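What follows is one structure encoded as structure tokens, with my remarks underneath.
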Amino acid sequence: MRAIRLVPCVVTGLLLSMSAAFAAEWGLKEGTPEIKSAGALAFGPDGILFVGDAKGATVFAIGTGDTKGDPSKVQLNVSGLNAKVAETLGVNADKITINDLAVNPLTGNVFLSVSKAGSPAVVKVANDGKLSQVGLAKVAFQKVELPNAPEDKEVATKRGPANLRNQSITDLAYAEGKVYVSGVAGGSPSNVREIPFPFTDANAGTSVEIYHGAHGRLEDNAVVRTFLPINIDGEASLLAGFTCTPLVKFPVNTLKPGEKTRGTTVAELGNRNQPLDLIVYKKDGKDFLLMSNSARGVMKISTDGITKNPGITAPVTGGGVAGQTYETIKELEGVVQLDKLNATHAVIVTNAFELRTIALP
């Protein structure tokens, strides 16, 4: 997940809702969620949108009511996304940042999390390309607070002063009735949480450790930047991308609240790089990963042999690569956000402020 700055202005609004009975089925109640920041996004069942609020160290479940549509027919090509988001929210574009996108798998509509002059907003891009603001007042919602998030203050780090609270949620995903959340936690630098939905309470999460081939050492302070739930030969797992750029597998059954687990580093994909977004899809009967990166383009990563991959346990020097093989998709330059649309297509946002559908390579 990567934020991109926007650059012009005007207004519109949309309030989405669901029936009281339907909302109650998922533990949602009508109200106005006190969202302090809108970051990582993911869709759950029945059009429920999960919003990661890193500033508030809280995950919100919002009932959008967005349940009718046909993702197989969606074709988007929105240029000048910066100006159009700014116009929709009625603010100057230099005050806006797009933080994440998520495609509703039921409808193919795209939802964007936005910071506008320090306040959170969510914008919907419909399948006809029209933008509208998602109302966040008097909506059906539920929330869960992360109990051991970093304090909301600037502290000294190896890379200079930083407010680690802003990394309390770096990514999130929904699978099999659970919300998975990655981020920084107090006393446990790199953390993954497994939270049942509907929400009750969040646990302390699992501290995750990796072998970082490019650094030639074990690390428990490398933070998950993007991840996805995946079933590998019947084993529920998370595949997580870390800065500089190890790809690491964590079986879900190893996630134990309050404990530490070490993942299997199945690939080193090159140094001086940060993974931004990650999806999985099937092509010609095989599963592939598609990952956007800050410095190394969009990678199509093979999952062949990933089950038997013993993991990287020795240094990978000189910016080299090892483990799962990949190819760089050269025609997909400048991709900062992506999400799967349907079996054959994905939606991307580029650093040139284009939002469009692409065929999965």
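Every number in this text was worked out from the coordinates using simple rules, so none of it is lab data. Quick caveat: nothing in here was measured; it's all calculated off a predicted structure. Here the Cβ is made from the backbone with ideal geometry for all residues, glycine too, and neighbour counts use every protein chain on show.
Summary of values
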item: Cross-link partners of Lys130 among aspartates and glutamates (Cα-Cα below 17 Å; sequence separation of 8 or more within a chain); result: Asp66, Asp70, Glu87, Glu354
item: Calculated FRET value between Ser294 and Asn163, using beta carbons and R₀ = 25 Å, to 0.05; result: 0.75
item: Extension gain, Ala137 back to Ala236 (0.36 nm per residue minus Cα-Cα distance, nm); result: 32.0 nm
item: Least to most buried among Phe199, Phe50 (fewest other Cβ within 10 Å first); result: Phe199, Phe50
item: Charge dipole magnitude, Cβ of K and R +1, D and E -1 - the chain, Cα centre, debye nearest 20; result: 540
item: Modelled FRET efficiency - R0 30 Å, Ala117 with Thr344, Cβ distances, 0.05 increments; result: 0.20
item: Positive-end extreme of charge dipole, region 129-189 - chosen from Asn148, Gly177, Gly135 (charges on Cβ); result: Gly135
item: For region 221-231, 3J(HN,Hα) per residue [Karplus equation, 6.51 cos²θ - 1.76 cosθ + 1.60, θ = phi - 60°, Hz, x = Gly/Pro]; result: 10, 6, 9, 4, 9, 8, 8, 8, x, 8, 9
item: Gain on full stretching of the segment that runs from Thr317 to Glu259 - 0.36 nm per residue minus C-alpha separation; result: 17.8 nm
item: Among 31-39, 184-192, 326-334, 52-60, the order from most to least packed when residues are scored by Cβ within 10 Å on average; result: 52-60, 184-192, 31-39, 326-334
item: Summed side-chain charge close to Leu269 - residues other than Leu269 whose Cβ falls under 13 Å, Lys, Arg +1, Asp, Glu -1; result: +2
item: Once the Cα gyration tensor of region 194-247 is diagonalised, semi-axes √(5λ) in Å; result: 24, 15, 9
item: Tally of Lys pairs whose C-alpha atoms are under 13 Å apart, taken over region 159-329, 8 or more apart or cross-chain; result: 4
item: Highest to lowest packing among 126-136, 85-95, scored as the average C-beta count within 10 Å; result: 85-95, 126-136
item: Interchain or long-range residues, amide H under 5 Å from Asn273's placed H; result: Cys244
item: Ascending count of other beta-carbon atoms within 10 Å, so fewest first, for Leu218, Leu164; result: Leu218, Leu164
item: 3J(HN,Hα) from dihedral phi, region 275-292, Karplus parametrisation 6.51/-1.76/1.60, rounded to Hz, x for glycine, proline; result: x, 10, 8, 8, 9, 10, 8, 10, 9, 6, x, 10, 8, 10, 9, 10, 10, 8
item: Region 206-234-region 80-118 distance, computed between alpha-carbon centres (Å); result: 30
item: Residue-averaged [θ]222 nm for the chain, counting only DSSP H segments that reach four residues, each worth -39500 (n - 2.57); result: -1000 deg cm²/dmol
item: Reachable lysines, given that their alpha-carbon falls under 23 Å from the alpha-carbon of Lys138 and they are not under 8 places away in the same chain; result: Lys29, Lys36, Lys55, Lys68, Lys116, Lys124
item: Simple spin-label estimate for Glu34 and Asp70 in nanometres, 7 Å along Cα-Cβ; result: 4.5
item: Sorted by Cβ neighbour density within 10 Å, fewest at the top, the residues Arg159, Arg217; result: Arg159, Arg217
